[in-house]
Each structure stands twice: as C-alpha cells, then as structure tokens.
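*Asks:* This is the structure, below, for whatever I ask next.
The values are calculated or read from the model by the stated rules, or taken from the named source; none is laboratory data. What you are looking at is a predicted structure, and each value in this text was computed from that prediction instead of being measured. Here Cβ is always computed from backbone atoms with ideal geometry, including for glycine, and neighbour counts include all displayed protein chains. What goes into the accessible areas is simple: the full protein's heavy atoms, side chains included, and nothing from ligands, DNA or RNA. Shrake-Rupley method; radii C 1.70, N 1.55, O 1.52, S 1.80 Å.
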Amino acid sequence: MIDKEKWDKTFHDLPDVPPVDEPERQYYFIRKARQIVQKINEERGLPLRYKIVTFGCQMNARDSEKLAGILEQVGYIEEAEEEKADLVIYNTCTVRENANQRVYGRLGQLGHAKKSNPHMMIGLCGCMMQEPHVVEKLKKSYRFVDLIFGTHNIYKFAELLATRLESGRMVIDIWKDTDKIVEDLPVERKYSFKSGVNIMFGCNNFCSYCIVPYVRGRERSRDPKAIIREIERLVADGVVEVMLLGQNVNSYGKTLEEPMTFAQLLREIEQIDGLERIRFMTSHPKDLSDELIEVMANSKKICKHLHLPVQSGSSRILQKMNRRYTKEQYLTLVDKIRRAVPDISLTTDIIVGFPGETEEDFQETLDVVRKVRYDSAFTFIYSKRSGTPAAVMEDQVPEDVIKDRFDRLLAEVQQIAAEVCTVHQGTVQSALVECRNEHDPHLMTGRLSNNLLVHFPGDESLIGKLVDVRLDECKGFYYIGEIVSI
Ligand code: 5AD
Ligand code: SF4
C-alpha cells in the first residue's frame, strides 16, 4: 500500500519523468493533476466540480467510485447537477442498444451546456467505449468530448486526466484487452457502511447474445490476499456489508497462479472480524458448485439471496444462447439450493425474444418462472449486439410478438413476486439501515438479508447499523415494519 502523504512530500517538486511502476505512476499523475487544478481554482476563485453519471451494472458503479476517489484526490468537488459541473463523466454500458441511445441523447444536451461553460470537460468511459464504431462516431460527430477511455485502462484515469489538463486536446486511450490488475488506488465510496469489491474482471463464457466478453475482456481473478486486505481495510473504515463483484463469480480463481475456488474465497472472507454480511453477484448456473451450496448453508454471514440468471426456460434456446445447461439441470440446481438453504431468496434475469424463440419456447420460460417462483426477476427484451453470434442468427423475432411475450412474462413475474413477498409477514428479521425513506422522512429504509427492503420509523443515527425489524405489512415488493431491538 502506498503511503500517500509520504508520496506527496517526496514529490513536492515533481520530477519530469513519472515512475514506471503502478500504482506509483498514478499517484504521480494525481499530484500533477492536483497542481494544475489548484492553479485553475486560484485563478477562478472557485473550486472545480465533477459529476459522474453511471449507466449499467454494479461493476460500473464500483468503477465510478474509483474515478470519484481519484477526482477527490485531484481536488475536484462533487456536484449534483450535470449542467453545473466542470467535469462530467459518463460511465457507459452497452449490454443493450437502448443504453447506447440514451448516452448519445444526453451527450447532445451536454454539448449545449458546454458552450456556456468554458471550463467544462466531458469524459466518456465504460463498456460502450470498447466498441470501435462508437469511438469513430464520437470522433466524427461529438468533437466536444475531451476524454475517452475504456474498461481495461480505467486505473490510468489520473494519467489521462493530467494529460488532458496539460495538453488541452482530446485524449483517447482504448485498450483491446489486458491481464493487468492495479491495486491500491484511491476510492470514494457512495455508502460508508457497504461496498462493492471486485473479485474478478471480464468473462470467458461467450453467451451468444452478450457483448460483455468483447468489451470487458478475458476472465481474470484478483489475488485473494489483495481481496482480503481490501475488505479488512473497508471493515476498519466502517463497512459491515460487502458485495463481491464479477461477471461470473462461480468461476473465481481458475486463472490464478495458485488456483482456488469461489467457495474457498468465501470461507476466508467469512473469517474477517467485524464483517457482518457478504453478498455476491453474478452466479452462472453452470459453474455453481456443491461446495458453494455447502458454504452458503453453513455461513452466518452470506446473505440469503442468490441471483441466478436463467435467461430462458427452453433447453433449445439455452443451447443457442450457449448457456451450457438445460431447463432440467437449472431446475435441479434450484431444488438442491432450496433444500440446503430453505429460506433463500432467488432472483433471475430473463431475455425475451432471442432469435428463433417460438411460443412453445416462451411457454417453457413461463413454466420455469412458475416452478421456481422467483422473489424478483429482471426481464429484458432481446437486443441485437453487433459482433455477437446471435446478431447474425436467422429468425429474429418480430417486435410486436416480443412485446406481447414481454408483457405476459412481466405480469407473471410480478404476480408471483408479490405472493412470495408476503410469506415473511409477522417475522422479525435483521435489517441493515441504509438511508432515510425518500417519500416519508419519518421512516428509515433497511435491507434484509434476502434483499427485500423494509421501511420503519427511526432516525439517521441508525444508518449503517443492523437492527431487528418486525415485518408488519407487506406492500407487494417491500415491507412496512417496526424496530424491535437494536
Ligand atoms: N439483450 C438483452 N438482454 C441482455 N442481457 C445481456 N445481453 C443482452 C442482450 N443482448 C441481459 C442478460 C444478463 C443481464 C445483465 O443483461 O439477462 O444477465
Ligand atoms: Fe454475458 Fe454470459 Fe458473461 Fe454474463 S456470463 S457477462 S451473460 S457472456
């Protein structure tokens, strides 16, 4: 771990040549960017402000915290409104096409705002930037963008920012892939009491509809010692709940020099004193081991929630999706998990309208939903991603057929989720208090182990604490309750 203060003193007068090793190199550029920002702030008599807008998944949310960590070190102050910020960063997602369209739309508006603020810089990063056609379009039609970088070199943000601040020119740096993992850079957490922790990057599964393996690169696991060290530091800093993040956490450790399983990693994390809750996502059904089920069943800290994307209930479609399990194997796995951890909450992702999906295939999906009875499900309309095998498959399903299936699926999922939610009525469960309720300031909001939210009378002193709450009234997908003990 780098001693930032010592570093700052050592480099009071920055040498001309930056260090070669990481993370020292990035600390050098943080210092360099800070000097430039300080000068601008003095000239303006106002501190520069930043706003990061995050699209997509938890992985992106965690990346945004890393960007914020660097910006705070550099001397920027967070701003709530995009138009008022001097540096706006869009951390983009490209899993589905509509996310891309949203970025272009917002970027156009931001271009207008930039005209009235000469200090404003615009940065773009995340998965969308890993697609060459996107960068081409930005270079051609969005010349006002200042900084473009991808998912593999996000750790270089300080260096890229310093380069942009110094040169005044558009900086574009995209890597195709990397096996590099840089540890110990600053992070600015959104919550004081819970945090995401990356345990692996990339994905090797190549589900035929999915662009992630192309934009996030090959699977690489973080060194378990670095993960444990990070969690220990988080706990020392007040964190009680961690969410272990990876595209496919069940294959954690396979690429390490000394391979280990995800279940083994969980056992080690469980030992960390002061850590109360462990969550993880995402699990791929094909890699979910008996060892993991056993660890979950015996753990006091792993939350009673498993996100297990099924994607489709039809074995024929699952094969075309390259998911490498059948409907029957998935249902058997669910049974096994439920037997070992009876009170577990199960959630899923489902895609409707994959190429070639017939009404019979769709009925199979409905059948899985009815059999598993998910606590909740994210339902997606299939989105054609160019470069993926599914994009060139024949029999793309017509839009109106997809829409009709999507509506029927959503109705089924919601109906079941509401029924499943009521089973907890009257029980007392431990909730981690997260925030004040947005709609009713007398209520606080807490999250149960099974990921349900409960709202109850309380005050802000409870934030970050685990409290026992009686679940009095089910409101469909959340509860109203009362604290019984703190
Ligand atoms: N179209 C629709 N949904 C997709 N997902 C991934 N790729 C696509 C696509 N091309 C969904 C999957 C995945 C979730 C994160 O996004 O359900 O689990
Ligand atoms: Fe995409 Fe499949 Fe990898 Fe998930 S497991 S990121 S759906 S390729």
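*Asks:* Counting just the residues of the stretch 375-409 that are among the polar types (S, T, N, Q) and more than 15 Å from residue 357 (Cβ to Cβ), which one comes out nearest to ligand 1 (Cβ to nearest atom)? First the steps, then the outcome.
*Replies:* Taking the stretch 375-409 and keeping what is among the polar types (S, T, N, Q), we get 376, 379, 383, 386, 388, 396.
Checking the rest, the ones that are also more than 15 Å from residue 357 (Cβ to Cβ) come to 376, 386, 388.
Working: 376: 14, 386: 10, 388: 7 Å.
Per the criteria, the residue is 388.
*Asks:* Which residue out of 166, 159, 183, 188 is surrounded by fewer than 19 Cβ atoms within 10 Å (Cβ to Cβ) and either over 21 Å from the mean Cα position of the chain (by Cα) or assigned to a strand (DSSP E or B) (or both)?
*Replies:* When all the criteria are applied, what remains is 166.
*Asks:* Examine the stretch 357-373 for a residue that is crowded, with 20+ Cβ neighbours inside 10 Å and within 11 Å of ligand 1 (Cβ to nearest atom), and state whether such a residue exists.
*Replies:* No - not one qualifying residue is present in the stretch 357-373.
*Asks:* So which of 267, 324, 316 is within 16 Å of ligand 2 (Cβ to nearest atom) and open to solvent by 20 Å² or more (accessible area, probe 1.4 Å)?
*Replies:* The unique qualifying residue is 324.
*Asks:* Residues of the stretch 286-313 being part of a loop (DSSP other than H, G, I, E, B), open to solvent by less than 20 Å² (accessible area, probe 1.4 Å) and either under 21 Å from residue 262 (Cβ atoms) or away from ligand 1 (no atom under 16 Å from the Cβ) (or both), which ones?
*Replies:* 288, 299, 303, 308, 309, 310 - these are the residues of the stretch 286-313 that are part of a loop (DSSP other than H, G, I, E, B), open to solvent by less than 20 Å² (accessible area, probe 1.4 Å) and either under 21 Å from residue 262 (Cβ atoms) or away from ligand 1 (no atom under 16 Å from the Cβ) (or both).
*Asks:* Checking residue 195 against (1) in contact with a Leu (Cβ under 9 Å, 6 or more places away or on another chain); (2) open to solvent by less than 50 Å² (accessible area, probe 1.4 Å); (3) assigned to a loop (DSSP other than H, G, I, E, B), only one condition comes out false. Which one?
*Replies:* The number of the failed condition is (3).
*Asks:* I'm checking my understanding of the structure. Among residues of the stretch 270-284 that are open to solvent by 10 Å² or more (accessible area, probe 1.4 Å) and part of a strand (DSSP E or B), which one is farthest from ligand 1 (Cβ to nearest atom)?
*Replies:* Looking at residues that are open to solvent by 10 Å² or more (accessible area, probe 1.4 Å) and part of a strand (DSSP E or B), I get 277.
*Asks:* Residue check, residue 322 against (1) within 30 Å of residue 242 (Cβ to Cβ); (2) not in a helix (DSSP H, G or I), all met but one. Which one?
*Replies:* (1)
*Asks:* Name every residue in the stretch 135-170 that is on the phi < 0 side of the Ramachandran plot and among the small types (Gly, Ala, Ser), in order of residue number. Don't jump to the end; show me each part of the working.
*Replies:* Step one: filter the stretch 135-170 for residues on the phi < 0 side of the Ramachandran plot, giving 135-167, 169-170.
141, 150, 158, 162, 167, listed by residue number.
*Asks:* Here are 338, 316, 267: which of them is assigned to a helix (DSSP H, G or I), under 27 Å from residue 201 (Cβ atoms) and away from ligand 1 (no atom under 16 Å from the Cβ)?
*Replies:* Values: 338 fails: under 27 Å from residue 201 (Cβ atoms); 316 fails: under 27 Å from residue 201 (Cβ atoms).
Of the residues listed, the single one that is assigned to a helix (DSSP H, G or I), under 27 Å from residue 201 (Cβ atoms) and away from ligand 1 (no atom under 16 Å from the Cβ) is 267.
*Asks:* Go through (1) within 11 Å of ligand 1 (Cβ to nearest atom); (2) open to solvent by 10 Å² or more (accessible area, probe 1.4 Å); (3) free of Cβ contacts under 8 Å to residues at least 60 places away in the same chain; (4) more than 24 Å from residue 415 (Cα to Cα) one by one and return the number of the condition residue 329 breaks.
*Replies:* Of everything listed in (1) within 11 Å of ligand 1 (Cβ to nearest atom); (2) open to solvent by 10 Å² or more (accessible area, probe 1.4 Å); (3) free of Cβ contacts under 8 Å to residues at least 60 places away in the same chain; (4) more than 24 Å from residue 415 (Cα to Cα), residue 329 misses just condition (1).
*Asks:* Can you report the number of residues in the stretch 433-446 which are surrounded by fewer than 22 Cβ atoms within 10 Å (Cβ to Cβ) and part of a strand (DSSP E or B)?
*Replies:* Total satisfying the criteria: 5.
*Asks:* Something else now. Can you find a residue in the stretch 351-358 that is more than 16 Å from ligand 2 (Cβ to nearest atom), under 27 Å from the mean Cα position of the chain (by Cα) and in a loop (DSSP other than H, G, I, E, B)?
*Replies:* Within the stretch 351-358 (the criterion being more than 16 Å from ligand 2 (Cβ to nearest atom), under 27 Å from the mean Cα position of the chain (by Cα) and in a loop (DSSP other than H, G, I, E, B)), the answer is no, since none of the residues qualifies.
*Asks:* If we keep just the residues of the stretch 182-237 that are within 18 Å of residue 257 (Cα to Cα) and of a type in the set (Gly, Ala, Ser), which is farthest from ligand 2 (Cβ to nearest atom)?
*Replies:* Per the criteria, the residue is 226.
*Asks:* Ok, one more. What number of residues within the stretch 38-85 satisfy the criterion of being of a type in the set (Gly, Ala, Ser) and open to solvent by 20 Å² or more (accessible area, probe 1.4 Å)? Spell out how you get there, then give the answer.
*Replies:* Residues of the stretch 38-85 of a type in the set (Gly, Ala, Ser): 45, 56, 61, 64, 68-69, 75, 80, 85.
Going one step further and asking which of them are open to solvent by 20 Å² or more (accessible area, probe 1.4 Å), we end up with 45, 56, 61, 75, 80.
Number satisfying all stated conditions: 5.
*Asks:* While we're looking at this one, here's another question. Please enumerate the residues belonging to the stretch 232-255 that are more than 17 Å from the chain's Cα centre (by Cα) and open to solvent by less than 20 Å² (accessible area, probe 1.4 Å).
*Replies:* Within the stretch 232-255, 234, 239, 251, 253 meet the criteria.
*Asks:* Show the residue pairs meeting these rules: Cβ distance below 8 Å; 6+ apart or different chains; first residue within the stretch 31-54 and free of Cβ contacts under 8 Å to residues at least 24 places away in the same chain; second residue open to solvent by less than 60 Å² (accessible area, probe 1.4 Å) and of a type outside the set (D, E, K, R).
*Replies:* The qualifying pairs are 35/14.
*Asks:* Can you run down the residue pairs with Cβ atoms below 7 Å, 6 or more apart or on separate chains, where the first is in the stretch 346-371 and over 12 Å from residue 316 (Cα atoms) and the partner is among the charged types (D, E, K, R) and in a helix (DSSP H, G or I)?
*Replies:* Correct list of pairs: 352/405; 353/405; 366/412; 368/327; 369/412.
*Asks:* A further question on this structure: So if I check each of 396, 415, which one is more than 13 Å from residue 308 (Cβ to Cβ) and modelled with pLDDT under 95?
*Replies:* 396
Yes/no matrix, rows are residues, columns are (1) within 27 Å of residue 275 (Cα to Cα); (2) among the small types (Gly, Ala, Ser); (3) open to solvent by 20 Å² or more (accessible area, probe 1.4 Å):
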{"site": "431", "(1), (2), (3)": "yes, yes, no"}
{"site": "456", "(1), (2), (3)": "yes, no, no"}
{"site": "461", "(1), (2), (3)": "yes, yes, yes"}
{"site": "467", "(1), (2), (3)": "yes, no, no"}
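*Asks:* Which one of the conditions (1) of a type in the set (A, V, I, L, M); (2) assigned to a helix (DSSP H, G or I); (3) over 14 Å from residue 194 (Cβ atoms) does residue 256 fail to meet, given that it meets all the rest?
*Replies:* That leaves (2) as the condition not met.
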